[in-house]
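Asker: The structure is given below, and queries will be raised subsequently.
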Number of protein chains: 2
Amino acid sequence: MTIDIDYFDLSGPDGLKAAFRNHATGIAVVTAADSELNPIGFTASSVTSLGSTPPLISLNISQGASSYPHISTGKLVAVHTLDAQLLSLAQKLAGPKGDRFLADDFEIGPESVPIFTEASSVMMARVINKIEVESNAVVILALESAHVTRICEQPLVYFQRGYHTIGDRLQDNF
Amino acid sequence: MTIDIDYFDLSGPDGLKAAFRNHATGIAVVTAADSELNPIGFTASSVTSLGSTPPLISLNISQGASSYPHISTGKLVAVHTLDAQLLSLAQKLAGPKGDRFLADDFEIGPESVPIFTEASSVMMARVINKIEVESNAVVILALESAHVTRICEQPLVYFQRGYHTIGDRLQDNF
């Protein structure tokens, strides 16, 4: 049997959004220091491994994001993986930029990068390339070092426009 | 308080892997036709939206993957989102390449692209750029059309080196 092009009845922004609602993503928080060494950061659902030898990370960001000018080539960035118990941190770093670093819940790390030590892991990575595509960008980072606070059992997962925990383990893949 | 660089006690491939085990990802299946119009495809944990206006998708792939030569600029590709009930499809498309298209579980779509109609959604997208970074590549695709088979309630999620279902909904984010 063959499938006609008419089968694909959605297109444009609505088509993309409808399909991606069916796709789960992990939630991370990305931080850096701006040119005056003030903390900046944002919640990201696009943090992905780009191979481990050498260890690389990719993430997508809108060029319109307030953090975008500060995620420049050569900049050191902290990528935090989040447990479900850190939902409020994810929400805060996705909220108004003036509210993101008001609380006393972060420390200052290498090159003035703010570090949320409650994160299940933190990867320190340097921006090595930024590929602008339309109004967005793919940022490529080289891992320099990492800290794993604990083996996460309940990661924060985004799906169908909401935050979730993880469910049953179906199958190992060692 | 400040955090010393010694706090980040991991590095290299092991550091990246340890941190990413704490991070959940959605599982997708990506397919295309090779130059002889035979079906090729693979399971991907890196499929990500790259903005909706215009609708773009990114995914990461190893240059050593058997599918890599066929995911070339201009090629039409199908990106399938998977429910947890499609675990066996994810495993098959991550297994030996000779076994991936033996069964009668796919149809032939536009430009000979194989389509798994059991997927919760299928996005038809064209490769517009491929950025090679070390031994991997970031592939940028422009969405052309999409089909949503159903509103997925149980996506297939990868975490701590295993396949999972989704858990409790913690918070809407409309």
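Asker: In degrees, nearest 10, range 0 to 90: what is the angle between the Cα axis of helix B:12-21 and the longest Cα principal axis of chain B?
Answerer: The two axes meet at around 80 degrees.
Asker: Could you tell me whether the stretch A:115-158 comes out rounded, prolate or oblate from its Cα gyration tensor? Rule is a ≥ b ≥ c as square roots of the eigenvalues, rounded for a/c under 1.5, then prolate if a/b exceeds b/c, otherwise oblate.
Answerer: The shape class here is oblate.
Asker: Give the chain B residue with the shortest beta-carbon distance to the rotation axis relating chain B to chain A, plus that distance as a whole number of Å.
Answerer: Closest to the rotation axis on chain B: B:Gly167, 2.
Asker: Distances from A:Ile151 to the same position in the other copies: list them in nm, one decimal, shortest first, using label points 7 Å from Cα along Cα→Cβ.
Answerer: Label point to label point, same position, other copies: 3.7 nm.
Asker: Please check: in the Gaussian network model of chain B (C-alpha springs, under 10 Å), which one of B:Phe20, B:Phe159, B:Phe101 has the largest mean-square fluctuation.
Answerer: Among B:Phe20, B:Phe159, B:Phe101, the largest GNM mean-square fluctuation belongs to B:Phe20.
Asker: Now a separate question. Could you work out the mean count of beta carbons from other protein chains within 10 Å of each residue's beta carbon in A:58-65?
Answerer: Going residue by residue through A:58-65 and averaging, the value is 3.
Asker: For peptide A:153-162, how many partner chain Cβ atoms fall within 10 Å of a residue's Cβ, on average?
Answerer: The shielding value for this peptide is 6.
Asker: For chain A, modelled as a GNM with alpha-carbon contacts under 10 angstrom, which of A:Lys17, A:Lys130, A:Lys97 fluctuates the most?
Answerer: Evaluated over chain A, the most mobile residue of the options is A:Lys17.
Asker: With a ≥ b ≥ c taken as the square roots of the eigenvalues of the C-alpha gyration tensor of the stretch B:25-148, please select rounded if a/c is under 1.5 and otherwise prolate if a/b is larger than b/c or oblate if it is not?
Answerer: rounded
Asker: Quote the relative contact order of the stretch B:1-140 in percent (integer), defining contacts as alpha-carbon pairs under 8 Å separated by 6+ residues.
Answerer: The normalised contact order for the stretch B:1-140 reaches 27 percent.
Asker: Do the alpha carbons of any pairs in A:Lys92/B:Lys130; A:Lys17/B:Lys75; A:Lys130/B:Lys92; B:Lys75/B:Lys97 sit beyond 24 Å of each other, and which pairs?
Answerer: Where the Cα-Cα span goes over 24 Å, the pairs concerned are A:Lys92/B:Lys130; A:Lys130/B:Lys92.
Asker: Can you work out the Karplus-derived ³J(HN,Hα) for every residue in the stretch A:85-90? Use 6.51 cos²θ - 1.76 cosθ + 1.60 with θ = phi - 60°, whole Hz, and x for glycine or proline.
Answerer: For the stretch A:85-90, the Karplus-derived couplings read 5, 9, 3, 5, 5, 4 Hz, x marking Gly and Pro.
Asker: Does the protein assembly as shown classify as rounded, prolate or oblate by the C-alpha gyration tensor (a ≥ b ≥ c root eigenvalues; a/c under 1.5 gives rounded; else a/b over b/c gives prolate, otherwise oblate)?
Answerer: Judged from the Cα gyration tensor, the protein assembly as shown comes out prolate (a/c at least 1.5, a/b above b/c).
Asker: Would you list A:Arg21, B:Arg161, A:Arg126 from fewest to most Cβ contacts within 10 Å?
Answerer: Neighbour counts put them in this order, fewest first: B:Arg161, A:Arg126, A:Arg21.
Asker: Let me ask another. Stretched out fully, how many nm does the piece from A:Leu37 to A:Ile108 gain, at 0.36 nm a residue minus the Cα gap?
Answerer: Result: 24.5 nm gained on full extension.
Asker: Of the residues B:Leu82, B:Leu93, B:Leu16, which exhibits the maximal mean-square fluctuation in a Gaussian network model of chain B defined by a 10 Å Cα contact cut-off?
Answerer: Checking each option, the largest mean-square fluctuation is seen for B:Leu16.
The numbers here are math on the coordinates, done by the rules we state, and not lab data. These numbers come from a predicted model, not from an experiment. Quick reminder, even Gly has a Cβ in these numbers, built from the backbone with ideal geometry, and neighbours come from all protein chains shown.
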